[in-house]
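The values are calculated or read from the model by the stated rules, or taken from the named source; none is laboratory data. Just so it is clear, the structure is predicted and the values come from calculations on it, not from any experiment. Note that we place each Cβ from the backbone using ideal geometry, even for glycine, and neighbour counts take in every protein chain shown.
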Amino acid sequence: MSVLVINSGSSSIKYQLVNPETGEAIASGLVERIGEESGHVEHHFGEVTRELNGPVPDHGAGLETVLGLFAEVGPSLTDGSISAVGHRVVQGGKYFDGPALITDEVQARIEQLCPLAPLHNPAHLKGIIVARRLLPDVPHVAVFDTAFFQSLPGEAATYALDRAVAEKYEIRRYGAHGTSHQYVSGKVSELLERDDLKQIVLHLGNGASASAVVNGKAVETSMGLTPLEGLVMGGRTGDIDPAVVFHLSRVAGMSIDQIDNLFNRQSGLKGLTGENDMRAVWDMAEAGDANAIEALEVYAHRIVKYIGSYTAIMGGLDAITFTAGAGENDNKLRAMVAERLAPFGVKLDAEINAVRSKEPRVISTADSSVKLIVLPTNEELAIARQAMTLV
Ligand code: AMP
C-alpha cells in the first residue's frame, strides 16, 4: 500500500511515494524549471538515482516523464499498489476544514481560491489536472495547508477591518503550514503521552510560522491571509506595519508588485543580511558581521514575542516544539530562544540540545517549567495519512 504525494509549484513538481503505515519514503523526486529553456528531473528509488536534463515544456510533460521513470526505474505504479494520490494545496479558504476527495467541484473551488493564494493555488491546480488525467483510476485527495486553522476562534481569525470589506473579499486569518502544525502537535501528544496540552509549535524552515494548540485544536497561528504575516522568514518580512506599503508607494513610488516582491522575497534574513539560509547567516555572525548578529536577534526576538502572547492567550504553556529545517537542526538558535525564556523557569539541557538526531526528543531539563522538544516534521507522511482517511 502506498500514496503518491505531489507538491506542485509554479515551475516544479516534488513527489514522494509514501507507505502511510510505516512512514517509509519508497521513492521520491522532483521536476524543476518547468517551462524554462533547460529543465531537470530526478527520481530516487532505493539505491538508484536517475537524472534527466532537457526542456520540460509544462506540468503535463513533467509528470509524464516522472511516470515514465516510475515504469523504468521502479517501483511500478500500475500494479494496483497505490491507493491514492495526495495533493498539497496551500489555500482551502473557508471551504475545507479537512482533506477532500478531488471531484470536478472540488477542483473548481481550488481554482476559485486562486486570488487568495496567487503564488500557490494556480500551480497546485496544474498538478491536480495533469495527475488526474494521467492517473485516472486512483482517487486524488487535496490536503489543505489552511484546514487545521479553520478551527481558530473568531477572535483569533478576525482582522479588525471594515466587516463589509472583509466579508466581500474573504479576508481573515487562514494560516499556513497547517499540515505540519497538526502532525507535529499530534506527535508531541504521543511523545508526552498527554492529550490535554497547551502547546506552541515553531515551524522554522525557509518559511516560518508559530501555532498555539490546546487539547489538539489550533487556537492561534502567526500566518494570516497569506504566509507573509508572523515570524521573520528566509525572504519574507513577517509582521510589519501595513503603513510601510503606503509609505513605499507614496514616498518611494514603488508599485504594488514591487512591494509584494520586496516583502515576500527580498526581506527577512535575506533583506537583513543578503543571505536567506540560516547556516550562512550564522557563518557571517560568527565572523563578526554586525548585520547578521542583529538579524539573528530580530529573528529570536520575534519568536519570543509570539511565545509570550500565545502563552497569555492559552492561559499557560506545557510544551514548545521546534520543527522544520532550522528548528530541527539549529541548536544555537534553540539555545538563543531558551535563554530569553529563562526568567520563566525554562531550562534547556545544553548537552541533549547539541546532539544531532532525526528522533523526536525532549531537550529541556527535568525541572524546566515548560518542556522544550525537537520533533521532525513530515508533511508528505501527514498528507499520505490524511489522504488515506478518505479512500
Ligand atoms: P525547510 O524549509 O524546512 O527545508 O528549511 C530550510 C532552512 O532550514 C534553510 O534555509 C536553513 O536556513 C535551515 N537549516 C537547515 N539545516 C540547518 C542547520 N544545520 N543549521 C541551521 N539552519 C539550518
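Just a few scattered comments:
- Identification of helices (runs of 4 or more DSSP H) wholly contained in region 214-273 with 1 or more residues that are in contact with a helix residue (DSSP H, G or I) (Cβ under 6 Å, 6 or more places away or on another chain) and not hydrophobic (A, V, I, L, M, F, W, C) yields 268-273.
- Unmet requirement for residue 314, which otherwise passes all of (1) under 21 Å from the mean Cα position of the chain (by Cα); (2) in contact (Cβ under 8 Å) with a residue 60 or more places away in the chain: (1)
- The condition (being within 16 Å of the ligand (Cβ to nearest atom), more than 30 Å from residue 215 (Cβ to Cβ) and either at pLDDT 95 or above or surrounded by 14 or more Cβ atoms within 10 Å (Cβ to Cβ) (or both)) is satisfied by just one residue among 300, 290, 285: 285.
- Residue, farthest from residue 101 (Cα to Cα), within region 337-386, restricted to residues that are touching a Pro at 6+ places or on another chain (Cβ under 6 Å) and hydrophobic (A, V, I, L, M, F, W, C): 375
Listed here are the residues, each with its yes/no results for (1) in contact with a Cys (Cβ under 6 Å, 6 or more places away or on another chain); (2) charged (D, E, K, R); (3) closer than 26 Å to residue 234 by Cα.
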position	(1), (2), (3)
307	no, no, yes
310	no, no, yes
317	no, no, no
331	no, no, yes
338	no, no, yes
371	no, yes, no
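- Residues of region 332-358 satisfying the condition of being closer than 30 Å to residue 144 by Cα and at pLDDT below 95: 357, 358
- Against the test of being closer than 25 Å to residue 280 by Cα, more than 16 Å from the ligand (Cβ to nearest atom), in contact (Cβ under 8 Å) with a residue 60 or more places away in the chain and of a type outside the set (Lys, Arg), the options 239, 260 yield a single qualifying residue, 239.
- Inter-residue pairs, beta-carbon under 6 Å, first at negative phi and in region 203-216, second more than 8 Å from the ligand (Cβ to nearest atom) and aromatic (Phe, Trp, Tyr), 6+ apart: 210/306; 212/310
Condition check ((1) under 24 Å from residue 225 (Cα atoms); (2) surrounded by 16 or more Cβ atoms within 10 Å (Cβ to Cβ); (3) under 18 Å from the mean Cα position of the chain (by Cα)) across all residues:
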residue: 87; (1), (2), (3): yes, yes, yes
residue: 100; (1), (2), (3): yes, yes, no
residue: 103; (1), (2), (3): no, no, no
residue: 107; (1), (2), (3): yes, yes, no
residue: 115; (1), (2), (3): yes, no, no
residue: 121; (1), (2), (3): yes, yes, yes
residue: 124; (1), (2), (3): yes, yes, yes
residue: 134; (1), (2), (3): no, no, no
residue: 143; (1), (2), (3): yes, yes, yes
